[in-house]
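First the structure, in the form of structure tokens, and then the observations on it.
Read-outs throughout are calculated quantities, based only on the coordinates presented, and are distinct from any laboratory measurement. Nothing here was measured: the structure is a model prediction, and the numbers come from that model. Every residue, glycine as well, gets a Cβ built from its backbone with ideal geometry; the counts of neighbours run over all protein chains shown.
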Amino acid sequence: MLGELSVTGPTRISINDTRFLWLIHARRRSAVTDNIDSKAETILRDNDRGGFTVPTAGLYPYQWNWDSIFVSLGFATFDESRAVKEIETLFEAQWDDGFLPHIVFRRDDPDYFPGPGAWDARSAFSTSGITQPPVAASAINDLWKASADDGIKSRLAALFPKVVAWHRWFHKYRVPGDANAVVITHPWESGRDNSPEWDAASANIDISGVKPYKRRDLEHADPHMRPTKLDYDRYMALVEFGREAGWDHEVIATQGPFRVADVGMTMILLRATRDLAELAGNLGHLDTKTELEGYIEQLEKGAQYLWDDARKTFCSRDTITGAHSGYVSSASFLYGYADVGDAEQRQKMAAHWERIGKASRYMVPSHDPDETLFDHMRYWRGPIWIVINYMVWRGFAERGWNERAERIRRDSADLIRAYGFNEAFSPVTGAGTGGKDFSWTAAMWLAWCGKDNRPATE
Ligand code: GLC
């Protein structure tokens, strides 16, 4: 890859002049990195639809909740104001009760199914009726601390009560007192759509009444990389259940056919609450800070509810049957990001990391490669997602687990450098899977793994 780029510099050098060779090498390195940086920026600009960004053209033509938050971190590397705008437009779609939807439909696009008509969930904006992982507080706190601009800081401070309202919504409807973990009512809420973690809990979803529908995703992506028809029938049965309940979140949370305490959501909400409490302190909202500290204690208990003592891992758990999934997914490794687990649990997780690290050419596979359901190209059943890598890396780095952290950062940068800004990547071959020119992958290159200019492979 390096050889394809033109290198400017002296054409005649003495072979013994190592300093010169080093200089040329350094220039080539930055030429490669600059080139990828500008490609990443171009992806964000091209996917910008005017104040909000689509995950990728074609496959995902609307604004997605957690995509926008990661995207804001990418924009912040070259346009702070645009970064904040991305979060502001997302929160424009917030419902009166604090709920923040997973998709915001500003217009109907026939290229995507299920679109606004299938959801029929109306507030001021047409939106979906389910939510997504609450990464917003963490990004807002990061941006607030990094900014030296009072105007930017006050726009971020204006988002604070909205994020608090969303967290309260979670605690009202989705963090039941017996589990203390975050319960999802649709696999799409986890952001890890077809993870094998949902297979057992989905088996009881009645798909007999699902009305005929036409999938549009298969027109944009290889079917082998996408969820199956059975998965989609179940997704649609759950959308129909919610629609028939008029998107009454109380009904869905207590009577819905799918109610799983998600390890990813729980770790992410816990981390986000710690960040929100820090921001509350910095903004002088001390009562809210105390309220958030109560939530933190509760979610710490929730993390323990998700510890599977038979499999020795943090994993998701069906709240209807009480059964753990028993799987070590990439979300299991978010225990560092959430800062949970006693010494023994951390040691068991480190052993899983060692084992999976040996079995995978690249880290972190979304599903355990030693499991039979592992499928290295199929969405959340194996492929690597750079946004999860970022959060796992961050937790490991903060805890001082530097070797493991560095492997994640290096693998992520290598994958993007060699294969481009894919939706996800095979942990076996590195090949891209799903959509191309993905906004959040580009954003993570800019904000995180591409920031260190040291190529890991040459
Ligand atoms: C898929 C992913 C989800 C993401 C969405 C848009 O549904 O599983 O996490 O938010 O695509 O990129």
- Task: List every residue whose amide H lies under 5 Å from the amide H of Gly98, counting only residues 5 or more places away in sequence or on a different chain, with H placed 1.01 Å from N in the peptide plane.
- Result: none
- Message: Once you order the gyration tensor axes a ≥ b ≥ c over the Cα atoms, which shape class does the range 362-458 get: rounded for a/c under 1.5, otherwise prolate or oblate by comparing a/b with b/c?
- Response: oblate
- Message: Take Asp206 and Ser38, extend 7 Å from each Cα along the Cα→Cβ direction, and tell me the distance between the two endpoints in nm.
- Response: 6.0 nm
- Message: Tell me which trypsin sites (Lys or Arg not before Pro) from the range 67-135 have a DSSP coil assignment and no more than 13 other beta carbons within 10 Å of their own.
- Response: Arg107
- Query: Where does helix 402-419 land angle-wise versus the long Cα axis of the chain, in degrees 0 to 90, nearest 10?
  - Reply: 80 degrees
- On a 0 to 90 degree scale, rounded to 10, what angle separates helix 80-92 from the longest Cα axis of the chain? 20 degrees
- Task: Could you pull the Cα extents of the range 21-449 along its three principal axes, largest to smallest, in whole Å?
- Result: 68, 50, 48
- Listed here are the pairs Lys214/Lys436; Lys172/Lys312; Lys85/Lys172; Lys85/Lys145; which of them are more than 19 Å apart at the Cα? Lys214/Lys436; Lys172/Lys312; Lys85/Lys172
- Message: For the chain, what does the helix formula give at 222 nm: sum of -39500 (n - 2.57) over DSSP H segments with n ≥ 4, over the residue count, nearest 500 deg cm²/dmol?
- Response: -15000 deg cm²/dmol
- How far, in degrees from 0 to 90, does helix 286-305 lean away from the longest principal axis of the Cα atoms of the chain, to the nearest 10? 90 degrees
- Item | D_trans [Stokes-Einstein, Kirkwood Rh over alpha-carbon pairs] for the range 77-130, 25 °C, 0.890 mPa s, µm² s⁻¹ | 202 µm²/s
